[in-house]
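Worksheet: the structure to be examined is printed underneath.
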Amino acid sequence: MRQTSSFHSTSRRRGLRRGLIASGFIAAIAMQAPAMAQQVRGNWMRDYVQIRVAAKNFDAGATTPAQIDRLLSRPVFNARIVGGTVAGAADNPFQVALLNKSVANNFDAQFCGGTLVKANVVVTAAHCSDFVTAGQVQVLTGTRNLDGTGVRRNVTRIAIHPSWNSGTFDYDVAVWTLSSSTSGIPFASLASADPAVGTNLLVTGWGALSEGGSFPINLRKVTVPLASRTNCNDTNSYNGQITARMLCAGFDAGGKDSCQGDSGGPLARGSVLTGIVSWGTGCARRNKFGIYTRVSNSSVRNFIVSQAGL
C-alpha cells in the first residue's frame, strides 16, 4: 500500500482532525468508502485501507491532542517493509496482490496482499475486504513484480469472518474465491499450532521502504521473530489489546518490521501460513511489534477451511 498526495495536505489533515476524530475516528472512517470512490482520483481502495489502519493506530495509542497531532503530521498511513530485501522466487511464492479492478496499471492498482491456499482461493485480511464487492477487485497471481507481468484474475466471492470487529481488528481474516484457477504456483498450508517464541518468520509485501519513502515494483521481504503475547500486551507496548486471534512479531528494539504491510499479506514459516498482516503502531518502532491475524486459532483456521473447501 502506498501513500498518495491526496492525504498529505494540511487542509486535508485538518479536515480529518475535525471531521473524523471529533465524531469517533474509526466509526467515521467506516462511512467514507462510497464518497472516496467518487471523490478521490486514482486508487481509492488503497487510500481507504491506509486510513482505517491509521484509525486503528489512533485507537491503540493516540489518546491526547499531542499524540494525535504527531500521528497526523507523520506518514502513518503507509504500510511498508523496513529493513528488508528483494524477495526471491522461493520467498512466500504463494503471495498475491489485491488490485482495484478499475485501475489498469498493476503498480497503481495494488492495495493489499494475500496468500494463495488453493488454486482458486486467496486468504487475506478482513480490513482489505469488507468495503469492496467481488466485482470491484481482481487478484494478481504468478509474479514478483508490479510491472505488468502476471495474471489478473476476477473474483467471484468475498467471505469475511462473521466475528470481524473493525474497531479492534479482531478476527481480521477474509477468503476470496477466484473466477479461474492458477497453475504451477505453490500454495500455503495453514498453521495448526504456533511456533516457539523467537522463531523467525518471513513477511513479504510491496509497501514503501521507509516512512515517507519510495515504493518498489518488486516484492520485498523481511524476517522477524515471533514475540510473546505477554510481551506484546505490556503497558509499554499494546497494553492488553492483543487478543487470542492475534500474533505479534518483530524486535523489542525495532528496526525491522512489516508494519501494516502489505495488509493481508503472509507471515509464513516455510510453506506454512502462520499469520496475516493486520495492523501495528508506526513502523519498526521500539516495543511496537507488527500485529498479525493468528491462523492457528481454531475460529480463524476453521473459517478459512470451511470457506476454501480445504
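What follows draws every value from the coordinates through simple rules; no lab data is involved. Note that the coordinates shown come from a computational prediction; the quantities given were computed from them, not determined experimentally. Don't worry about glycine lacking a Cβ; one is built from the backbone with ideal geometry, like all the others, and counts go over all protein chains shown.
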**Study point:** Sorted by Cβ neighbour density within 10 Å, fewest at the top, the residues 128, 232
**Key:** 232, 128
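Between residue 298 and residue 239, how high is the FRET efficiency from 1/(1 + (r/R0)^6) when r is the Cβ-Cβ distance and R₀ = 30 Å? Nearest 0.05. It would help to have the intermediate numbers written out before the result.
On the way: r = 26 Å, r/R0 = 0.86.
It comes out at approximately 0.70.
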**Study point:** Inter-site label distance for residue 156 and residue 136 at 7 Å from Cα along Cβ, in nm
**Key:** 2.2
**Study point:** Proximal charge balance of residue 93 [Cβ under 13 Å; K/R count +1, D/E count -1]
**Key:** +1
Study note, to complete from the structure: With label points set 7 Å from each Cα along the Cα-to-Cβ direction at residue 147 and residue 306, the distance between them in nm comes to 4.4
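At 0.36 nm per residue, minus the direct Cα-Cα distance, what do residue 165 and residue 185 gain on full extension? Give it in nm, one decimal, please.
Additional length available on full extension: 4.0 nm.
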